[in-house]
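S.K.: First, the structure itself, so that you have it in front of you.
The values are calculated or read from the model by the stated rules, or taken from the named source; none is laboratory data. Quick caveat: nothing in here was measured; it's all calculated off a predicted structure. Counting neighbours? That spans all protein chains shown, and the Cβs are built from the backbone with ideal geometry, glycine included.
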Amino acid sequence: MKHFKPSPLALVLSLAILGLAKPALAAEGFKVRYPTVGLLGPELAAFQVKPGWVNSLALNNTNITGLNGDDGKQAWTAAVVTAKGVTQRALVDYQQHQTVAQMFLGHVSQETFGGGHLAFGINVPYTFRASRSLAFPTVTATAANGSAVTPGAAYLASLDAQSKANNVATSGLGDTDVAALWILAKDRYKFAAGVSLVLPTGDFHSQPSGAAGTPAINIGAGRFFTLRPNASLGYQLSDSVTLGARLALGINTTNSVDQWHSGNFVAYDLAANYKTSIGVFGAQLIGVNQFEDDTGGMSGNQAGGYGANRFKTLNAGLFYATKIDVVGVTLAYTSTVKASNALVSNVLQLRLSRAL
C-alpha cells in the first residue's frame, strides 16, 4: 500500500516545540499551563526531522462544560456558616466557550549536535472571544441539628451577584510560549528533549470577579512564569504503526499580582498512530497532576475556593493529519475523561502548517 507522507518540518515544529494549545483549566482560576488538546500524536506523524523554518496557524474551539471539585464530581461552593450555625452552600454550574487562534514560528538547525538537531520556536495565542456563564441551580442550608432550613437572603443575594458578574465575554492576547528542543531521529526511534518557558503576556487581574473596571474572565493564567522541561520518545512498530510517550514537569514562579503560587505539576502524553494512504489517524491520552498545593494569597479568580487546590485531569482524544499540496492539515478533538479541582472541557483544533 502506498502510504501518506506528512511534511516532517511542518508537523514536528508546529506541534512538538511548544505544546501550548490551551491552558488546562486548583491553580490560578483552575488552570495549569499545559495543553490538553493532544499534540504528541500529530508530532509523531512526521517522524523524520528536516532543517528549516516553519509557521503554522491553529484555531481552537473550546467548550468548558463544568467545574469538578476534589471528589471528581460537580463542584459545590465552600460552605458558609452563619452566626446561628446554619451551613449554606451551592452547586456550581459553570459554562464557558472560547475561540483561540495560535500563531507559531519555528526553526530547525541545519547543523547537528551530538547527532541531533536543535529547534527553537515561539507561540502566540489570541482569544477572539471567551464567554462565560455561572449559575447556582441548587442551594442548601442545614441547621446545627442537621435539619434543612431556608437559605438566608444575604447568601442568596451574594450568589446572584456572583452569577451576574460572571455572565460576561472578553477577548485579548494570551500567554506567550518560547521553547528549545534537541531532536534525534534514528532508525525506528525518535527522541526529543528540551524546555519551554511560558511568559505572562496575557491579561490577568486578581480582583473579585465583577469588581469595578475589572473583567470577570482572565485571558492569561497570571503574572508568573512557568518552566516546562520535557522529553518524548517515539517508536515505529512498523511502516504503519507508531507509538509515543512524553513526560513533562511544570515549575511555576509566584504570581507577582497577588502572591499566589500555583503548585508545580507533572504531565504525560501517550499516543498511537496508524498511517494510511490518505493520512495519519491516531489516538491520544493526556494526564496532568499537581503534586504540590497552591500557596499564598487567594486570587479572586480562584472563585473563592470551590474545594481543595490540587489540579488533576485526564483527557483523551483522536486526530487526523494529512497534507494538501504544501500545507499540512491536522484536525484533533480532545475531551475530559476525569477531573478533580479542574474545569471539564472539550476542544476541537484545526491546524495549518507550512515549511518556509
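S.K.: What are the residue pairs meeting all of these: first residue in the range 104-117, first residue closer than 15 Å to N55 by Cα, second residue surrounded by 10 or more Cβ atoms within 10 Å (Cβ to Cβ) and of a type in the set (K, R), Cβ atoms under 9 Å, and 6 or more apart or on different chains?
M.R.: Pairs that qualify, where the first residue is closer than 15 Å to N55 by Cα and the partner is surrounded by 10 or more Cβ atoms within 10 Å (Cβ to Cβ) and of a type in the set (K, R), are F104/R351; V108/K50.
S.K.: I'd like to know if the range 266-282 contains one or more residues that are assigned to a loop (DSSP other than H, G, I, E, B), within 21 Å of the chain's Cα centre (by Cα) and modelled with pLDDT under 95.
M.R.: No, the conditions are met nowhere in the range 266-282.
S.K.: Continuing with the same structure: For the range 35-79, enumerate the residues that are of a type in the set (V, I, T) and either farther than 21 Å from L285 by Cα or in contact with a His (Cβ under 6 Å, 6 or more places away or on another chain) (or both).
M.R.: Within the range 35-79, V49, V54, T77 qualify.
S.K.: Another question, if that's okay. How about the range 112-166: which of its residues are aromatic (F, W, Y), surrounded by fewer than 16 Cβ atoms within 10 Å (Cβ to Cβ) and not in a strand (DSSP E or B)?
M.R.: Of everything in the range 112-166, nothing turns out to be aromatic (F, W, Y), surrounded by fewer than 16 Cβ atoms within 10 Å (Cβ to Cβ) and not in a strand (DSSP E or B).
S.K.: Filter the range 224-235 for residues that are surrounded by fewer than 19 Cβ atoms within 10 Å (Cβ to Cβ) and not hydroxyl-bearing (S, T, Y); which is farthest from the chain's Cα centre (by Cα)?
M.R.: L233
S.K.: Are there any pairs, at least 6 apart or on different chains, whose C-beta atoms fall under 7 Å, with the first in the range 247-276 and farther than 30 Å from D203 by Cβ and the second among the polar types (S, T, N, Q) and not in a strand (DSSP E or B), and if so, which?
M.R.: Pairs that qualify, where the first residue is farther than 30 Å from D203 by Cβ and the partner is among the polar types (S, T, N, Q) and not in a strand (DSSP E or B), are Y274/S240; K275/S240.
S.K.: What are the residues in the range 288-322 that are modelled with pLDDT of 85 or more, surrounded by fewer than 19 Cβ atoms within 10 Å (Cβ to Cβ) and not in a loop (DSSP other than H, G, I, E, B), if any?
M.R.: Within the range 288-322, N289, L314, A316, L318, Y320, T322 meet the criteria.
S.K.: Can you tell me which of Q48, Q88 is in a strand (DSSP E or B), in contact with a helix residue (DSSP H, G or I) (Cβ under 9 Å, 6 or more places away or on another chain) and either at pLDDT below 90 or over 29 Å from T176 (Cβ atoms) (or both)?
M.R.: Testing whether each residue is in a strand (DSSP E or B), in contact with a helix residue (DSSP H, G or I) (Cβ under 9 Å, 6 or more places away or on another chain) and either at pLDDT below 90 or over 29 Å from T176 (Cβ atoms) (or both) leaves just Q88.
S.K.: Here is a list: S335, S353. Which entry is within 14 Å of the chain's Cα centre (by Cα) and modelled with pLDDT of 90 or more?
M.R.: Going through S335, S353 in turn, just one is within 14 Å of the chain's Cα centre (by Cα) and modelled with pLDDT of 90 or more: S335.
S.K.: Quick check on the range 59-85: of everything there that is in a strand (DSSP E or B), of a type in the set (A, V, I, L, M) and in contact with a Leu (Cβ under 6 Å, 6 or more places away or on another chain), which residue is surrounded by the most Cβ atoms within 10 Å (Cβ to Cβ)?
M.R.: That would be L67.
S.K.: Would you call S256 at pLDDT below 90 and under 30 Å from F120 (Cβ atoms)?
M.R.: Yes.
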